[in-house]
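Written below as structure tokens is the structure these notes are about.
The values are calculated or read from the model by the stated rules, or taken from the named source; none is laboratory data. This one's a predicted model, so the numbers in the text were calculated from it and none came from an experiment. For neighbour counting, all protein chains shown are included, and Cβ atoms are generated from backbone atoms with ideal geometry for every residue, glycine included.
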Amino acid sequence: YADVNAAEILSFLNTKDQLAHLLSDALDGIHVLFGKENDQFVITNSSMIVSKYKIGQGEGSFGLIGPIRLDYAKIIPYVEYFSKSVSKIVEDLLTEGAEPLLGTETHPKDPFEN
């Protein structure tokens, strides 16, 4: 997208303390931030969709950066799916004797699979 400044994104990603703080402050579920409307996320004409995933008692988070005019109705279900999948994969890897992820009934359903 022409209105997204790559240098601005790289600069934001290089501020590891700010990025870590932003991701760790994310609420459970999906959180959407808009650039220049939020003191922590300052990329002009951009948004960031942040999601937490849980692994046992621990948790992590990830963010997807894109233009403000993203199709949120389409993207957010994929972010939720990815979050659930990461949780499931890591839990399976950490659980002794767990079934493989693929082909199990506990695998998160792809939101756009018919």
When you scan segment 44-68, how many residues do you find that are part of a loop (DSSP other than H, G, I, E, B) and free of Cβ contacts under 8 Å to residues at least 12 places away in the same chain? 1
Starting from residues that are in contact with a helix residue (DSSP H, G or I) (Cβ under 7 Å, 6 or more places away or on another chain) and not aliphatic (A, V, I, L, M), keep the ones in segment 13-45 and report whichever is modelled with the highest pLDDT. THR44
